[in-house]
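Read-outs throughout are calculated quantities, based only on the coordinates presented, and are distinct from any laboratory measurement. Quick caveat, the model's predicted, so the values are computed rather than measured. Here the Cβ positions follow ideal geometry from the backbone for every residue, glycine too, while neighbour counts run over all protein chains shown.
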Amino acid sequence: MIATDNVIDAEAERLLKSLMHVDCDPRGKTWNFETCREIAPLTLEINRLKKEKQAVILAHSYVEPEIIYGVADFRGDSYYLSVKAKEAKAKVIVFAGVVFMAETAKILSPDATVVVPDRGSGCSLADSLTGEELRRLKSLYPDATVVCYINSTAEVKAESDICVTSGNVYHIVANLPSRRVLFVPDRLMGDNLRTEMKRRGVDKEIITSDGTCMVHDQFGVAEIAAARARYPGLKVVSHPECPSDVAAASDFVGSTGAMMSYVKTNAAPYYLMLTECGLVGRLQVESPEKAFIGGCRLCPYMKLNSLEKVRDALAAPRPDQIVTLEETMRRRAARCIEKMFELAPTD
Ligand code: 13P
Ligand code: SF4
């Protein structure tokens, strides 16, 4: 069905209301009525296909804003999206994010067809550890509880006792009965976890593997000092995937969902967001009265998602866009994620 000019204009106006606020992209990407009008036929087509295929689109906050505000049904952080994936009654789940997130959706909703716009959307953390390497580590620390960050492959989840996200890692690890914890695959989050356990007076030995997030690993304290000197009253907000000195120099450290809530409920006028630029774009739309200075970086994997690829994955997915998992591994990985839901804080 070809949309009329009036329908396309109305869709462009709808997109513009959100996208006009986004102005943080290091590639210089911004939106006006003309650019929104160019993408409007695609968002109309995707939204029509969604109904036809009984599909739902989950989008992480780091993907392109035209996906977040144009076609996503749910947008947020890894924990929120895993809850939505578990609850989804849809026949098809399109996961605009990275592959480990789509695998998580498939683990939790095995009867749905889960598709990814781009199979190349990896993650430097998930890609840093194989199931085989984890088995080797486990053999070195047989008494440790194995805690995997959700940014890990399905095979690593299948080998782990419990999964955590950036939003619940401190709470869950603090409440584990065992003293010794093998935390994979994020070494920097492991450092932050160690610091937080000490601060809480919880006696834990945290052993980590050697992965890092290629985006959050780039931030340094010099950037924070320069920004604070220039903007008195500035709030520095960072993600627990950042190095520990960056976390220590920040006013707030939390998941992308918690980072958004912190900004939305804080009165300060200026923020340095030490995370991926997609989150800053969301805040520019949803907290337009606040100012966000420099800082943010792009995740090349998240940015592989595009409206065209979402449309293709929905209309007629290629085999490489469909997530499949071996059933025994899926069940073992599901146990590890269900354990997280059991122990995660309820607020
Ligand atoms: P969140 O769960 O906090 O959104 O983190 C996901 C991620 O990949 C951060 O780099
Ligand atoms: Fe992975 Fe880092 Fe990209 Fe998040 S930002 S998906 S942790 S590479």
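Here are the numbers for the structure shown:
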{"item": "Which numbered condition residue 217 fails, given (1) out of contact with any strand residue (DSSP E or B) (no Cβ under 7 Å at 6 or more places or on another chain); (2) away from ligand 2 (no atom under 16 Å from the Cβ)", "result": "(2)"}
{"item": "Number of positions in segment 170-188 that are assigned to a helix (DSSP H, G or I) and more than 22 Å from residue 346 (Cα to Cα)", "result": "2"}
{"item": "Contacts under 8 angstrom Cβ, first residue in segment 234-256 being in contact (Cβ under 8 Å) with a residue 12 or more places away in the chain and in a loop (DSSP other than H, G, I, E, B), partner within 14 Å of ligand 1 (Cβ to nearest atom) and among the aromatic types (Phe, Trp, Tyr), 6 or more apart", "result": "242/219; 243/219; 254/262; 255/79"}
{"item": "Residue in segment 98-117 that is surrounded by 20 or more Cβ atoms within 10 Å (Cβ to Cβ), among the charged types (D, E, K, R), part of a loop (DSSP other than H, G, I, E, B) and within 16 Å of ligand 1 (Cβ to nearest atom) present", "result": "no"}
{"item": "Selection count, segment 127-155, where residues are more than 18 Å from the chain's Cα centre (by Cα) and either surrounded by 21 or more Cβ atoms within 10 Å (Cβ to Cβ) or not in a helix (DSSP H, G or I) (or both)", "result": "10"}
{"item": "The one condition in (1) surrounded by 22 or more Cβ atoms within 10 Å (Cβ to Cβ); (2) without any contact (Cβ under 8 Å) to a residue 24 or more places away in the chain; (3) closer than 15 Å to residue 25 by Cα that residue 291 fails to fulfil", "result": "(1)"}
{"item": "Close pairs from segment 49-72: first within 19 Å of residue 316 (Cβ to Cβ) and touching a residue at least 40 places away in the same chain (Cβ under 8 Å), partner assigned to a helix (DSSP H, G or I) and among the hydroxyl-bearing types (Ser, Thr, Tyr), Cβ under 7 Å, at least 6 apart", "result": "71/43"}
